[in-house]
Amino acid sequence: MLAYLSIITLATPPIWSQDAGPPPLGRQVITAETLRSAGVRRLSDILALVDGWDISTINGFTWEASPRGLSSFGRPTWAVMLDGQPVDLDIFGVRSLERLPVSLGQIDSVVILSAPAVHNGQFVEGGLIHIHSRRPGRGLSIQAHVATASETGDPGPYAYTGRATPNVDRVGSDVSGQVLFGGSTLSAVAGALWREHFVTNRAIRERNRDISTDKHPIIKQAAASLQAGWGMGGRRHELYLGRSWIRDYYFLKAFGREVPVESPLTQIGLRGTLPLSGVTGLRYRAVYSVNELDQHTNSLNLDFDWQLSRWRAELEAWHDRSSYRFVLGAGLAGTSAETGYLLSEDGFTTVNLYGELIYRPRVTMSQSLAFHVTSADGALGVKTALAHRRRIGRRHAVEAVLSYFERIREEDSRIWYWVQRGYAFLSDNGVEALNAGELGKTRTVAGDARWMIRFNREVSARLGGYYRWFSGLSLEEQRFEFEPSSQSFSGPVRLVPNRRGQLAGGEIALSWALRELRLLLFYRFQDVVSGDQLFKRTWRTVPRHRLRITALYTPWESVGLWSRLQYRSATRWADYQEAAVQTGGAYSQYVDNAVTLDIAAQKWFWERRVRLHLLFRNVFNDAVPYHPIGTAYGLTFMVQGEVLLDGL
């Protein structure tokens with residue numbers, strides 16, 4: 001059992017009017033202005049702003065998330081959507097937001113769901129990150145963004161070259177641009193970006209020194225996208241085309257080390273709304289994506305030789321009245337793998353049926369029942385969520401969500417589904433993979449409850465709790481040993497099925513706004529209460545305590561100061577216990593607790609057409625890792641510049 005307590009940051013809207021409905025307490029909206037104030041530079045930085053979600057990284061480019069006890073690191077169940085279209089970013093259970101071909105300048109807002117629900121045809125059992133793009137105004141607009149960062153205190157990637165200079169530890173650049181056009185019936189946005197991320201951590205460089213043909217490990221990304229929308233008379237159709245290419249040092253935990261790869265992602269999506277009357281209509285969605293792990297030249301000739309194609313199509317009908325709303329839809333989805341390894345099955349098709357009924361007996365109350373049924377290869381997964389929301393007077397609101405969901409093996413994005421069908425990359429490269437049983441159906445019961453109180457226009461608070469019960473989990477058990485010759489890790493990995501455990505917890509949220517100053521507080525406690533040993537080991541990688549205090553001061557419309565003080569408790573990664581002993585403490589199975597302070601300043605010029613932003617991250621300059629074999633960051637400064645030219 002995992003206990004969980006958090007104080008969650010809240011925006012401060014006006015006091016609810018008498019005719020306002022109950023607010024969605026499990027929903028967080030992060031606006032573009034918030035992203036700018038916080039110095040968010042890349043999509044993965046958004047994860048650090050999400051209430052109740054824990055994060056971890058090895059190289060500082062790819063970040064993992066654990067959303068409020070719904071899933072652990074390495075077993076992602078949270079979903080990503082872009083303007084209502086699902087985005088398949090997974091490669092063997094590694095879900096990196098950076099693979100999405102979208103720059104921050106294209107974002108209008110990010111909506112976070114942290115409780116199970118049906119959303120745009122998907123049952124988001126592990127939460128949702130829904131990115132909403134900036135809509136073009138009338139005429140032509142141009143946006144450009146450039147950012148760079150440097151970590152102080154170490155010699156950096158040029159230490160052994162003629163370009164060596166002091167205080168240059170991490171030099172990277174992010175450049176992006178968009179052209180937007182808005183007309184009466186047609187709108188379009190074309191964007192492109194280029195990123196570089198220098199891998200300067202000494203341990204990571206040592207692990208890749210002999211395998212990589214690059215003199216200095218650099219993660220590079222190039223991406224382009226096109227969005228177009230057209231419609232009239234209430235009808236709307238939207239097309240999305242995106243292509244992202246990353247030269248990455250891909251870390252697969254079961255393999256124990258990074259592998260140089262070329263990782264392209266291609267996605268095509270189409271969606272539309274067709275009103276049939278003032279209260280009834282149809283919606284459709286169609287998405288096709290291709291994820292690849294191609295070889296990048298390396299001395300060991302490692303090649304994942306992997307391409308995964310996914311497609312899905314959905315059609316739903318909706319009917320909306322003042323007292324109720326009903327949605328019913330059906331969909332098909334297909335997955336196919338292409339590889340040089342001989343697979344017993346190279347794909348599967350799933351059939352989905354879903355719906356939601358929202359009943360509003362009065363303006364201050366709503367109740368909803370959602371369901372989602374998935375069928376593939378004779379297996380059936382049933383997912384349901386029952387929610388009750390109510391506003392009590394002008395100052396109180398309550399929300400309760402009870403859900404039950406089953407996850408069939410075809411929904412497990414990790415490598416093990418394909419290993420059991422003949423994908424032999426691990427065994428061909430010396431990893432002993434032991435399966436104690438086939439992947440099976442997992443079952444989860446989740447309960448969430450929240451109460452919100454607004455004391456006055458300036459101060460609000462929120463209390464809540466949740467409960468999770470898991471059964472049928474398939475968890476990895478691995479004992480890494482250190483290999484001095486390659487500076488990497490190896491060891492047999494065993495997939496253990498039918499694990500179970502329970503999670504429970506609560507949350508508190510505080511917000512205080514006074515004219516130019518806003519203070520936000522977040523605290524969380526989390527711990528394992530019951531479950532078998534492997535379940536407990538898995539959840540000890542997530543911090544028990546987390547504290548965050550955020551302040552935003554805006555003395556003038558064109559000037560903003562932002563700061564964030566954070567604390568997170570230590571974690572234990574038992575898979576590295578033997579390696580810690582073998583290296584004499586150079587590596588550890590523990591990640592120490594950490595206190596960090598970030599400070600930023602922002603200035604707008606030329607009637608908010610030009611923006612400059614300076615961020616100092618980890619002002620205390622204590623090395624802060626998120627993973628026992630990952631990068632530890634000291635004081636880092638980041639500079640950003642942005643140009644917005646609208647209505648040309």
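In the stretch 223-252, what residues are within 19 Å of Asn59 (Cβ to Cβ) and out of contact with any helix residue (DSSP H, G or I) (no Cβ under 8 Å at 6 or more places or on another chain)?
Answer for the stretch 223-252, where residues must be within 19 Å of Asn59 (Cβ to Cβ) and out of contact with any helix residue (DSSP H, G or I) (no Cβ under 8 Å at 6 or more places or on another chain): Ala223, Trp245, Arg247, Asp248, Tyr250, Phe251, Leu252.
Which of the residues belonging to the stretch 253-265 are surrounded by 20 or more Cβ atoms within 10 Å (Cβ to Cβ) and in a strand (DSSP E or B)?
Arg257, Glu258, Val259, Pro260, Val261, Ser263, Leu265
Taking into account only those residues within the stretch 611-648 that are part of a loop (DSSP other than H, G, I, E, B), over 20 Å from Ala65 (Cβ atoms) and small (Gly, Ala, Ser), which is modelled with the lowest pLDDT?
Restricting to residues being part of a loop (DSSP other than H, G, I, E, B), over 20 Å from Ala65 (Cβ atoms) and small (Gly, Ala, Ser), the top hit is Gly647.
Residues in the stretch 381-400: is at least one at pLDDT 95 or above, part of a strand (DSSP E or B), among the acidic types (Asp, Glu) and in contact with a strand residue (DSSP E or B) (Cβ under 7 Å, 6 or more places away or on another chain)?
no
Would you mind finding the one in Ser375, Ser413 that is surrounded by fewer than 17 Cβ atoms within 10 Å (Cβ to Cβ), closer than 24 Å to Ser471 by Cα and not basic (Lys, Arg)?
Selected residue: Ser375, the only one of Ser375, Ser413 that is surrounded by fewer than 17 Cβ atoms within 10 Å (Cβ to Cβ), closer than 24 Å to Ser471 by Cα and not basic (Lys, Arg).
Just checking, does the stretch 266-286 include any residue being among the aromatic types (Phe, Trp, Tyr), in a strand (DSSP E or B) and more than 30 Å from Ser486 (Cβ to Cβ)?
Yes, that holds for at least one residue.
Determine which single condition Val168 fails, assuming it passes every other condition in (1) of a type in the set (A, V, I, L, M, F, W, C); (2) farther than 23 Å from Ala32 by Cα; (3) at pLDDT 90 or above; (4) surrounded by fewer than 21 Cβ atoms within 10 Å (Cβ to Cβ).
(3)
For residues that are in contact with a Ser or Thr (Cβ under 8 Å, 6 or more places away or on another chain) and hydroxyl-bearing (Ser, Thr, Tyr), tally how many sit in the stretch 350-387.
5
Go through (1) over 27 Å from the mean Cα position of the chain (by Cα); (2) in a strand (DSSP E or B) one by one and return the number of the condition Leu302 breaks.
(2)
Working carefully through the options Leu10, Leu35, Leu47, Leu43, find the one that is crowded, with 16+ Cβ neighbours inside 10 Å and at pLDDT below 55.
Leu10
For a quick check of your reading of the model, give me the residue pairs whose first member lies in the stretch 466-482 and is in contact (Cβ under 8 Å) with a residue 24 or more places away in the chain and more than 14 Å from Trp539 (Cα to Cα), whose second is assigned to a strand (DSSP E or B) and of a type in the set (Lys, Arg), with beta-carbon atoms closer than 7 Å and at least 6 apart or on different chains.
Close Cβ pairs satisfying both conditions: Ser471/Arg443; Ser471/Arg500; Gly472/Arg443.
Select from the stretch 73-88 the residues that are in contact with a strand residue (DSSP E or B) (Cβ under 6 Å, 6 or more places away or on another chain) and part of a loop (DSSP other than H, G, I, E, B) and write down the one among them that is surrounded by the most Cβ atoms within 10 Å (Cβ to Cβ).
Taking the candidates together, the pick is Val87.
If Gln582 meets every condition in (1) more than 17 Å from Ala48 (Cβ to Cβ); (2) among the polar types (S, T, N, Q); (3) within 24 Å of the chain's Cα centre (by Cα) apart from one, which number is that one?
(3)
List every residue pair whose Cβ atoms lie under 8 Å apart, where the two residues are 6 or more positions apart in sequence or sit on different chains, the first residue falls within the stretch 219-233 and is touching a residue at least 40 places away in the same chain (Cβ under 8 Å), and the second residue, located anywhere, is loosely packed, with under 15 Cβ neighbours inside 10 Å and β-branched (Val, Ile, Thr).
From residues that are touching a residue at least 40 places away in the same chain (Cβ under 8 Å), the pairs are Trp230/Thr185; Gly231/Thr185; Met232/Thr185.
Out of Ala149, Ala190, report the one residue that is part of a strand (DSSP E or B) and modelled with pLDDT of 90 or more.
Ala190
Could you grab me the full set of residues in the stretch 440-455 that are surrounded by fewer than 21 Cβ atoms within 10 Å (Cβ to Cβ) and at pLDDT 90 or above?
Lys441, Arg443, Val445, Gly447, Ala449, Trp451, Ile453, Phe455
Of all the strands (runs of 3 or more DSSP E) wholly in the stretch 26-68, which have at least 1 residues that are free of Cβ contacts under 8 Å to residues at least 40 places away in the same chain?
Answer list for the stretch 26-68: 63-67.
Can you tell me how many residues in the stretch 603-632 are touching a helix residue (DSSP H, G or I) at 6+ places or on another chain (Cβ under 6 Å) and farther than 26 Å from Phe251 by Cα?
Of the residues in the stretch 603-632, 0 are touching a helix residue (DSSP H, G or I) at 6+ places or on another chain (Cβ under 6 Å) and farther than 26 Å from Phe251 by Cα.
Please verify whether Tyr250 is under 26 Å from the mean Cα position of the chain (by Cα), touching a residue at least 24 places away in the same chain (Cβ under 8 Å) and buried (at least 19 other Cβ atoms within 10 Å of the Cβ), treating the condition exactly as stated.
Judged against the criteria, Tyr250 is a match.
Would the stretch 594-604 turn up any residue that is of a type outside the set (Val, Ile, Thr), in a loop (DSSP other than H, G, I, E, B) and crowded, with 20+ Cβ neighbours inside 10 Å?
No: the stretch 594-604 contains no residue that is of a type outside the set (Val, Ile, Thr), in a loop (DSSP other than H, G, I, E, B) and crowded, with 20+ Cβ neighbours inside 10 Å.
For the structure I just gave you, tell me whether Gln577 is within 30 Å of Pro492 (Cα to Cα) and without any contact (Cβ under 8 Å) to a residue 24 or more places away in the chain.
no
One line per residue, one yes/no per condition, for (1) more than 30 Å from Tyr324 (Cα to Cα); (2) touching a residue at least 12 places away in the same chain (Cβ under 8 Å); (3) not polar (S, T, N, Q):
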{"position": "Val373", "(1), (2), (3)": "no, yes, yes"}
{"position": "Thr384", "(1), (2), (3)": "no, yes, no"}
{"position": "Ala387", "(1), (2), (3)": "no, yes, yes"}
{"position": "Arg395", "(1), (2), (3)": "no, yes, yes"}
{"position": "Val401", "(1), (2), (3)": "no, yes, yes"}
{"position": "Glu406", "(1), (2), (3)": "no, yes, yes"}
{"position": "Glu411", "(1), (2), (3)": "yes, yes, yes"}
{"position": "Gln420", "(1), (2), (3)": "yes, yes, no"}
{"position": "Tyr423", "(1), (2), (3)": "yes, yes, yes"}
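Go through the stretch 308-365 and report how many residues are touching a Pro at 6+ places or on another chain (Cβ under 8 Å) and without any contact (Cβ under 8 Å) to a residue 40 or more places away in the chain.
1
Which ones in the stretch 319-340 are part of a loop (DSSP other than H, G, I, E, B) and either crowded, with 17+ Cβ neighbours inside 10 Å or in contact with a Leu (Cβ under 9 Å, 6 or more places away or on another chain) (or both)?
Thr339
I'd like the full set of residues that are crowded, with 21+ Cβ neighbours inside 10 Å, not in a strand (DSSP E or B) and not aromatic (Phe, Trp, Tyr), limited to the stretch 534-573.
Thr538, Thr541, Val542, Pro543
Would you pick out the residues in the stretch 566-593 that are over 18 Å from Trp539 (Cβ atoms) and either touching an Asp or Glu at 6+ places or on another chain (Cβ under 7 Å) or acidic (Asp, Glu) (or both)?
Glu578, Ala579, Gln582, Asp592 - these are the residues of the stretch 566-593 that are over 18 Å from Trp539 (Cβ atoms) and either touching an Asp or Glu at 6+ places or on another chain (Cβ under 7 Å) or acidic (Asp, Glu) (or both).
Can you work out which of the residues in the stretch 581-602 that are touching a helix residue (DSSP H, G or I) at 6+ places or on another chain (Cβ under 6 Å) and of a type in the set (Ser, Thr, Tyr) is modelled with the highest pLDDT?
The qualifying residue modelled with the highest pLDDT is Ser588.
The values are calculated or read from the model by the stated rules, or taken from the named source; none is laboratory data. Because the structure is predicted, anything quoted here is derived from the model rather than measured. Cβ sites come from the backbone with ideal geometry, for glycine too, and all protein chains shown count toward neighbours.
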